[in-house]
Amino acid sequence: MANEADHRKGDRLSCMKTVAEISIDVPWGQISGKAWGSSNGRPVLALHGWLDNAGSFDKLIPLLSSDLYVVAIDWPGHGLSSPRPAGDYYHAISMLSDLRYVIDGLGWKRFSLLSHSMGAGVATLLASSVPEYVEKMVALEGLSPYAADAKFLPKVTARSLEGLEKFENKARKVYPSQEACIARFMEGNKDLTLESAKILSIRGTAPVENGYVFTRDLRLKSMTFVYYSIEMVESFMKAIQCPVYVVRASDSFLPKDRLEKFMKCIKMVEGVTVAGNHHVHLNNADIVAPIVNKWL
């Protein structure tokens, strides 16, 4: 894959190979992640999607230019990061606060965003709220924070409340082996190849007595209390000052008309459709890498 990406990009591209685990202290524990490349490189913050983890970028980041320093975090309650405290819950505003801790911990003042799905929605909120921080933004199979027509918001909120009550004290299911976890991973997400499911399981499962469990916080199943109206999301899009690059998969479940509507609100935006599904950046990183390299 690396050789094909190099050929497409040109001789000047040298792919990243150095990776290190990182941890950033937060009041309730830690936010974990993986750092790729030299810390002297151009900083890029990678934000994964709902119920995934930093491993979501394991196939893509090694194919990116070696002059980048990419930090891929595990969102709280995902991967190796600490879950939110008891009685707390997960929503886009709290995730913005998470990024404040990450950015301060890294000491960054200006950086680019590489984001997927839910991570792209939070990236939009960050780029519009503190535009002085964000140089460029790449959104893979996503762009908007959770949005709904205003008339549906009461029902959406009620569903979130019901979900929180259901999952807050639910016991984790123990699987007999990691292979059983991987099979469940693929059963719940038909987009994943076997290789991709194995990659996500490395950070997404942990051994316990009598087997393995998923490490993700069960309360994530009730996400999120905070949905935005379409009009509110459009306001965020209009406030983005940096160039935005959107990659949509040909077999995407994202509503194309809504995505295009939001893109029209952004001052500087480009988009491309590639062959693949919602996890094309993980399943087919060689397709996505030349596009990301060109934009970043």
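The values are calculated or read from the model by the stated rules, or taken from the named source; none is laboratory data. In this text, all values refer to a predicted model and were calculated from it rather than measured experimentally. For neighbour counting, all protein chains shown are included, and Cβ atoms are generated from backbone atoms with ideal geometry for every residue, glycine included. Keep in mind that these areas ignore ligands, DNA and RNA; they rest on the heavy atoms of the full protein, side chains included. Shrake-Rupley method; radii C 1.70, N 1.55, O 1.52, S 1.80 Å.
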Within the under-15-Å Cβ sphere about residue 248, not counting residue 248, Lys/Arg +1 and Asp/Glu -1 give a net charge of -2
Scalar couplings 3J(HN,Hα) for the range 60-73 by Karplus 6.51 cos²θ - 1.76 cosθ + 1.60 (θ = phi - 60°), nearest whole Hz, x for Gly and Pro, are 7, 4, x, 8, 8, 4, 6, 8, 9, 10, 10, 10, 9, 9
Expected sort for 148-158, 204-214 on mean C-beta neighbours within 10 Å, highest first, is 204-214, 148-158
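With all protein chains present, how much of the accessible area of the chain (probe radius 1.4 Å) comes from carbon and sulfur, to the nearest whole percent? Walk me through the numbers on the way to the answer.
Working: 6900 of 13280 Å².
Within the chain, the accessible surface is 52 percent carbon and sulfur.
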To the nearest 0.05, the calculated FRET efficiency linking residue 189 and residue 132 through their beta-carbon distance, R0 being 30 Å, is 0.25
For residue 264, the lysines lying under 27 Å Cα to Cα, once residues fewer than eight places off in the same chain are dropped, come out as 136, 151, 238, 256, 294
Looking only at lysines whose Cα falls under 24 Å of residue 170's and that sit 8 or more positions away or on another chain, we get 155, 221
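Could you tally the net charge around residue 46, taking each other residue with its Cβ under 15 Å from the Cβ of residue 46, Lys/Arg +1 and Asp/Glu -1? List each step's numbers first, then the result.
On the way: positive: 34, 42, 59, 136, 203; negative: 21, 52, 58, 74, 98, 135, 141.
So the surrounding residues net to -2.
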Ignoring ligands and nucleic acids, residue 257 exposes an accessible area, probe 1.4 Å, in Å² to the nearest 10, of 110
Log10 I(q)/I(0) at q = 0.10, 0.12, 0.15, 0.17 Å⁻¹ for the range 153-269, from Debye over equal alpha-carbon scatterers, is -0.50, -0.70, -0.95, -1.05
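Report the rotationally averaged projected area of the range 18-159 based on its alpha-carbon convex hull, in square nanometres. Could you put the intermediate results ahead of the total?
Working: hull surface 35.4 nm².
The directionally averaged projection comes out at 8.8 nm².
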Expressed as a percent, the portion of alpha-carbon pairs in the chain spaced more than 35 Å apart is 14
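Order 29-38, 135-144 from most to least packed using the mean count of other Cβ atoms within 10 Å. Don't skip to the answer; put the middle values down first.
Values: 29-38: 21.0, 135-144: 24.9.
Highest-to-lowest ranking by the protection proxy: 135-144, 29-38.
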For residue 157 and residue 273, extending 7 Å from Cα along the Cα-Cβ vector and measuring point to point gives, in nm, a value of 3.7
